[in-house]
There are 2 protein chains.
Amino acid sequence: MIPRAIDVDVHHQIVDWGAVAPFVPPGLRWRVSRASGPPLARHGFQKVGATFGSAPIPPASNRNPKAHPAGDPSWVKEHYLDPRGVDVAILTGSLLSLGVQPGADLAAALARGVNDWTLETWVRPFDCYRGSILVAQQGPAQAVAEIDRLGDDPGMVQVLLGSAGEAPLGRRAYHPIYEACVRHDLPVALHLGGEGAGISAPATPVGHPSTYFEWYGALPQGYMAHVTSMVTEGVFERFPALKVVLYEGGIFWLPHVMWRFDKNWKAQRSETPWVKELPSAYILRHFYSTTYPLEAAPDPTYLHQVLAMVNAERTLLFASNYPNWELGDPFDMVRDVPEELRRRVMGENALAVYGKRLTKG
Amino acid sequence: MIPRAIDVDVHHQIVDWGAVAPFVPPGLRWRVSRASGPPLARHGFQKVGATFGSAPIPPASNRNPKAHPAGDPSWVKEHYLDPRGVDVAILTGSLLSLGVQPGADLAAALARGVNDWTLETWVRPFDCYRGSILVAQQGPAQAVAEIDRLGDDPGMVQVLLGSAGEAPLGRRAYHPIYEACVRHDLPVALHLGGEGAGISAPATPVGHPSTYFEWYGALPQGYMAHVTSMVTEGVFERFPALKVVLYEGGIFWLPHVMWRFDKNWKAQRSETPWVKELPSAYILRHFYSTTYPLEAAPDPTYLHQVLAMVNAERTLLFASNYPNWELGDPFDMVRDVPEELRRRVMGENALAVYGKRLTKG
């Protein structure tokens with residue numbers, strides 16, 4: 001079966017932490033079951049504007065006073081996936097800042113609990129959902145153990161890290177995580193969200209932004225730093241099979257990073273003799289990007305030019321970011337992707353990245 | 001007189017701090033006159049490779065054991081400007097991290113001393129040099145006083161800040177600096193260099209890089225944050241005449257910042273009602289970039305496409321980065337700039353930005 005469309009980014013939501021509580025150790029249940037969820041470091045940047053845009057929203061009721069468009073797997077299938085022709089959706093959840101929590105043990109325990117909750121309540125009962133193995137990078141050994149625990153489960157298709165953290169992801173401390181990803185043939189995915197919170201550095205190299213608008217605009221800078229770090233530290237020489245998916249960061253910055261980096265490599269590579277190829281070669285071979293949100297170029301020609309620069313026919317994956325559609329409808333957003341790329345972006349590229357775990361159904 | 005070429009970035013070097021000492025207050029002379037210069041916070045990233053590339057280097061001698069290609073204004077004129085057809089050079093110096101020094105008073109005093117030294121030993125004796133008013137942004141009141149002290153000197157053509165600092169440059173604390181720039185009809189220029197040192201945040205949003213290679217590659221992220229911050233905080237609504245020159249950051253990231261920011265503006269601008277136009281409109285109108293180093297696109301067509309996206313016919317300024325030519329010869333670097341843009345990039349754009357102070361001679 002070739003799916004009609006594959007959506008690599010559905011943010012299934014924990015609307016009731018009480019449902020997750022059975023999946024965490026007894027000692028942690030009280031903290032997880034608080035009405036507002038477990039105690040987590042958060043930044044002060046709060047979304048403004050219409051949170052869900054045109055995403056379908058279930059009616060609120062007495063039993064479900066905080067109706068959420070991504071709280072119920074049946075409802076999401078019926079109201080989003082089926083009507084839009086999405087056959088497979090990869091779940092990315094709503095806990096994207098575990099990597100900046102001061103308590104590495106708490107973060108790891110939450111990750112395990114949420115992973116089991118995702119598997120038991122979303123992935124196993126439905127053919128259309130696949131899970132991400134959420135891990136917290138500040139405890140690499142626990143992250144590796146979690147990847148080994150779930151890495152061969154056919155319902156899990158990638159390892160998911162928050163992009164925010166204490167250190168660039170090329171650092172040697174994180175290499176065991178990549179080794180585990182490769183051992184289980186899983187891509188590693190990075191997602192924005194915790195930048196500036198908890199043990200994270202400020203969200204920009206020159207300090208904290210003042211508004212959500214500024215904060216959200218700046219987030220791809222973290223990806224730029226991770227891409228540069230992973231190439232520089234030799235991650236892809238050590239793990240040539242590793243694939244990295246960058247969520248929600250756009251694509252127009254990649255030519256800058258690739259070719260500034262190439263320029264510098266010629267003069268500066270004596271520091272990093274293990275970086276044997278042009279940095280852009282590693283980047284184009286190992287990194288993948290998603291469509292939500294694509295930069296709003298004023299002329300579709302600019303989009304077409306950049307799609308060519310980043311080899312989008314191989315590296316770009318359709319992502320709806322469901323239900324966070326405040327920036328527009330995800331299908332509108334790919335409207336200007338040329339027809340000859342459309343099938344690849346809407347599904348074939350994802351099949352090439354994630355392999356047959358996507359089509360088990 | 002229309003200059004043949006204008007070079008907006010010559011890093012004249014303090015080879016002997018003893019020459020600067022007379023320009024600082026008596027109490028500071030001892031500290032400034034140390035063989036290694038004044039005590040300054042530095043990061044640990046040291047350039048690797050051939051520092052000066054093909055730049056001319058004077059012979060060392062007993063009197064001048066550390067011969068430096070940018071230490072002597074006559075020598076630079078004779079060996080670089082004249083043979084290359086550069087009629088006017090804007091001096092940017094070698095003290096690019098004053099904004100991250102913990103001591104704001106020391107930083108301001110050094111800025112004043114270096115500015116006077118630049119004026120007396122480089123600018124006034126020669127027709128070909130113009131100076132930058134160096135200021136340290138962590139002491140905005142002293143920065144304003146310095147701009148007012150020297151802002152009407154015909155030898156000074158811009159205000160220069162290190163891009164590294166404690167906070168994004170849109171913050172209200174820095175607005176008096178921009179007000180002073182506009183009062184004296186001076187562009188403000190940002191230059192990379194102090195990222196990660198002293199009171200700066202780490203050089204990336206995810207922490208400190210491991211090598212000079214990685215550090216130098218990541219530096220434009222600070223510019224991205226400043227551009228976003230200055231637009232978001234309404235700097236250009238308050239100071240519609242302000243121009244900002246970004247040194248040494250490349251240009252391929254601008255489409256990303258402009259159009260991610262435009263995309264978000266539509267959903268998120270309720271936070272910043274004073275941002276009345278698309279962010280890209282402010283960016284294209286107020287920011288200028290320099291040519292050293294342009295990203296090394298593997299195909300000149302890509303460069304041509306991005307030059308069009310960023311309105312290079314108005315916004316791109318030739319900069320040699322003399323004598324730091326480790327990334328190649330600055331004239332080679334603009335080889336692929338199309339013929340119809342060349343005159344503008346090599347001089348006309350600089351004349352439009354800096355005005356008649358450039359052609360006083």
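Quick one: if the Förster radius is 25 Å, what FRET efficiency do A:Arg4 and A:Ser74 give, using the C-beta to C-beta distance and rounding to 0.05? It comes to 0.80. Approximating the spin labels as points 7 Å out from Cα along Cα→Cβ, the A:Arg124-to-A:Arg29 distance works out to 1.8 nm. Remark: accessible area buried at the B-A interface is about 5900 Å², both chains counted, probe radius 1.4 Å. Spin-label pair A:Arg314-B:Glu179: with each label point 7 Å from Cα along the Cα-Cβ axis, the two points sit 5.6 nm from one another. When B:Pro59 is represented by a point 7 angstrom out along its Cα-to-C-beta vector, the spacings to that point in the other copies are 9.4 nm, nearest first.
Which value results for Rg/Rh of the range B:121-233 when Rg is the Cα radius of gyration and Rh the Kirkwood radius based on the inverse mean 1/r?
1.02
Taking only the C-alpha atoms of the range A:134-177, the Rg (one decimal) and the largest Cα-Cα distance, Dmax (whole number), read 10.6, 31 Å.
Under a 5 Å amide H cut-off, with hydrogens placed 1.01 Å from N, B:Ser94 pairs with B:Ile14 among residues at least 5 apart or on other chains. Our coupling estimate for the range B:317-325, obtained by passing each phi through the Karplus curve with A = 6.51, B = -1.76, C = 1.60 and θ = phi - 60°, is 10, 5, 9, 8, 6, 3, x, 8, 9 Hz, Gly and Pro reported as x.
Accessible area ranking (1.4 Å probe, heavy atoms, ligands and nucleic acids excluded), largest first, for A:Arg4, B:Arg84: A:Arg4, B:Arg84. The residues of the protein assembly as shown present an accessible area of 35 Å² per residue when probed at 1.4 Å with all protein chains retained. If you split all Cα-Cα distances of the range B:1-112 into 5 Å bins from zero, what percentages do you get per bin, shortest first? Histogram of Cα-Cα distances, whole percents per bin: 2, 10, 16, 20, 18, 16, 11, 5, 1.
Rolling a 1.4 Å probe across all protein chains gives A:Thr315 an accessible area of roughly 10 Å².
The share of Cα pairs per 10 Å bin across the range B:165-310, counted from zero up to the longest distance, runs 10, 38, 37, 14, 1 percent. Distant-in-sequence amide contacts of A:Val88, defined by a placed amide H-H separation under 5 Å and a gap of 5 or more residues or a different chain, comprise A:Ala5, A:Asp7. Taking a ≥ b ≥ c as the square roots of the eigenvalues of the Cα gyration tensor, an a/c ratio of 1.5 or more together with a/b larger than b/c marks the range B:75-118 as prolate. Compute the orientation-averaged projected area for the protein assembly as shown from the convex hull of its Cα atoms and round it to one decimal in nm². If I average the Cα hull's projected area over directions, I get 30.9 nm². Note that the range A:232-299, at 10 °C in a medium of 1.306 mPa s, gets a Stokes-Einstein diffusion coefficient of 120 µm²/s from its Kirkwood radius over C-alpha pairs.
Taken over chain B, the alpha-carbon convex hull comes to 135 cubic angstrom per residue.
For B:Arg112, B:Arg124, B:Arg130, B:Arg343, the ranking by accessible surface with the largest value first comes to B:Arg343, B:Arg124, B:Arg112, B:Arg130, using a 1.4 Å probe. Accessible-area rank, largest first, for A:Thr118, B:Thr51: B:Thr51, A:Thr118, with all protein chains present and a 1.4 angstrom probe. Each copy carries a label point for A:Ala35 at 7 Å from Cα along the beta-carbon vector; from one copy to the others these points are 7.0 nm apart, nearest first. Here the range A:223-246 is scanned for amide nitrogen atoms under 17 Å from the site 7 Å beyond the Cα of A:Glu277 along Cα-to-Cβ, giving A:227-245. Computed on chain A, with alpha-carbon pairs under 8 angstrom and 6+ residues apart, the relative contact order is 20 percent. Between B:Thr51 and A:Ala145, the simple spin-label model (points 7 angstrom out along Cα→Cβ) gives 5.0 nm. In nanometers and ordered shortest first, the copy-to-copy spacing of the A:Arg149 label point, defined 7 Å from Cα toward Cβ, is 6.3.
Given +1 on the Cβ of Lys and Arg, -1 on the Cβ of Asp and Glu, and no further charges, what dipole in debye does chain B carry about its Cα centre, rounded to the nearest 20? Roughly 520 debye, rounded to the nearest 20.
Which FRET efficiency value, to the nearest 0.05, do you get for A:Leu284 and B:Ala60 by plugging their Cβ-Cβ distance into 1/(1 + (r/R0)^6) with R0 = 51 Å? In this case the efficiency is close to 0.70.
Remark: for residue pairs A:Lys47/B:Lys263; A:Lys266/B:Lys47; B:Lys243/B:Lys263, the C-alpha separation exceeds 19 Å in B:Lys243/B:Lys263.
Its residue count N sets the reference 2.2 N^0.38 Å, and the alpha-carbon radius of gyration of the range A:40-188 equals 1.13 times that reference. Helix content alone sets the calculated 222 nm mean residue ellipticity of the protein assembly as shown: runs of n ≥ 4 DSSP H residues at -39500 (n - 2.57) each, divided across all residues, give -9500 deg cm²/dmol.
The values are calculated or read from the model by the stated rules, or taken from the named source; none is laboratory data. No experiment lies behind these values; they were computed from the predicted model shown. Note that we place each Cβ from the backbone using ideal geometry, even for glycine, and neighbour counts take in every protein chain shown. The area values use the complete protein model at the heavy-atom level, side chains included, leaving out ligands, DNA and RNA. Shrake-Rupley method; radii C 1.70, N 1.55, O 1.52, S 1.80 Å.
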